[in-house]
Structures are given as structure tokens and as C-alpha cells.
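Reading through the C-alpha cells given below for one structure.
The values are calculated or read from the model by the stated rules, or taken from the named source; none is laboratory data. Everything quoted here is computed from the prediction, not taken from an experiment. Note: ideal-geometry Cβ built from the backbone for every residue, glycine included; neighbour counts use all protein chains shown. What goes into the accessible areas is simple: the full protein's heavy atoms, side chains included, and nothing from ligands, DNA or RNA. Shrake-Rupley method; radii C 1.70, N 1.55, O 1.52, S 1.80 Å.
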Amino acid sequence: MYGNTGQGVLDVDCTAVTTTGTSAENIQTYSLPAGALKRNGQSLRIRAWGTTAATANDKTVRLLFGTAALITTTNIAANAKDWYLEAIVVRTGAATQECIANGQFNAAIVATDRVAATQDLTAAVTIALEATDATASGGTLADGWMVEMLSDA
């Protein structure tokens, strides 16, 4: 747990959550407290994993750090497939972050994404796993999620 060492798990949830419709849904969220990344070089790791329903419908999953999309799997027709996304966020300033993310979806590597985020770290930042499905029956399942503080710089 985040404490005196400045490192450890901030949030973990292994409760299965399934999308229910065709609009983007935050299926996991964590509110990073204001000032949690208080020095340049401090970093977070965000991991999310799950499966897709046994349908050929398109599914999109993405990790968000505030308004910054860290990685997105776009319209993949994954039928009963496991998926995994991971991102690293490093503070470079009070309102700037360097981010790198990758993952696997439908048994294929998701292209690595580098993002220069501009979230104000003096305020709370919502970290989210978002999913969208092509049909109202849903079809993306998040089996687990973890947010970790990696370094206290």
C-alpha cells in the first residue's frame, strides 16, 4: 500500500465487470489523489486484464490517465479471447507526464503507444479502464485491474 516507502499497490480489483451496451463505459476506475505524484520521476504502473464474450462483435478497450488515452484496442472482433493492457506513467512536471503502454488482445500484440500526457497533478486524476462493444448485449469482461506506485523518486 502507498505509505512511507512511496511504493506499492494503490488499487486492486479482481471483481469481474462486463460491459452492458454500445457506448463507452468505464468498467474500472481509481482516483489518484491530488499530489500523489509530487516529484518528477515518480511513476505508476496500470494493469488491466480480462476476456471477451463468445461473439464476433467488435470490441474496443482502452486505458485512460485523466483525459489521456494511454492505449486503445480498436474494433477487434475477438471471440472468447483473453486480453491484457499495461501502462507506465512517469511525472515529468506538475502538469506533464511521459507514458508508454502495450498489451495483447485477441492473441495479437497491441502496438506500443507513447503518450505525452498533460494532466494537472495538483488535482485528483481519474485512472480508468474503458470498454465499448458493437452490440447492446456487451461482450467485454474485465477480470482484474491494478494500479501501483513504482517509485518515490
Heavy atoms of Leu150: accessible area, 1.4 Å probe, square angstrom to 10: 50
Accessible area of Val89 in the full protein assembly, 1.4 Å probe (Å², nearest 10): 0
All-pairs Cα distance distribution in the chain, expressed in whole percent, bin size 5 Å: 2, 10, 20, 22, 18, 12, 8, 5, 2, 0
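Looking at segment 25-129, which trypsin sites (Lys or Arg not before Pro) are DSSP coil and have at most 15 other C-beta atoms within 10 Å of their C-beta? Could the numbers behind the result be given before it?
On the way: sites: Lys38, Arg39, Arg45, Arg47, Lys59, Arg62, Lys81, Arg91, Arg114; in loops: Lys38, Arg39, Lys81.
In loop regions of segment 25-129 (DSSP not H, G, I, E or B), the sparsely surrounded trypsin sites (Lys or Arg not before Pro) are Lys38, Arg39.
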Ile100 accessible area, assembled protein chains, probe 1.4 Å, Å²: 80
Net charge of Cβ neighbours under 13 Å - reference Asp82; Lys, Arg +1; Asp, Glu -1: +1
Relative contact order for the chain, counting Cα pairs under 8 Å that sit 6 or more residues apart, in percent: 41
Electrostatic dipole magnitude of segment 1-104 [Cβ: Lys, Arg +1; Asp, Glu -1; Cα centre; debye, to 20]: 280
Accessible surface, per residue, of the chain when the full set of protein chains is kept, probe 1.4 Å, Å²: 44
R0 of 35 Å, Cβ-Cβ distance Ala134-Ile100: FRET efficiency to nearest 0.05: 0.75
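How large, in percent, is the carbon and sulfur part of the accessible surface of the chain at a probe radius of 1.4 Å? Present the calculation step by step, with values, prior to reporting the outcome.
Details: 3540 of 6760 Å².
Answer for the chain: carbon and sulfur cover 52 percent of the accessible area.
Just by accessible area at a 1.4 angstrom probe, what is the order of Cys99, Cys14 from largest to smallest? Before the final figure, lay out the partial values.
Working: Cys99 5, Cys14 90 Å².
The ordering from most to least exposed comes out as Cys14, Cys99.
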Net charge, Asn106 excluded, C-beta distance under 11 Å - Lys, Arg +1, Asp, Glu -1: 0
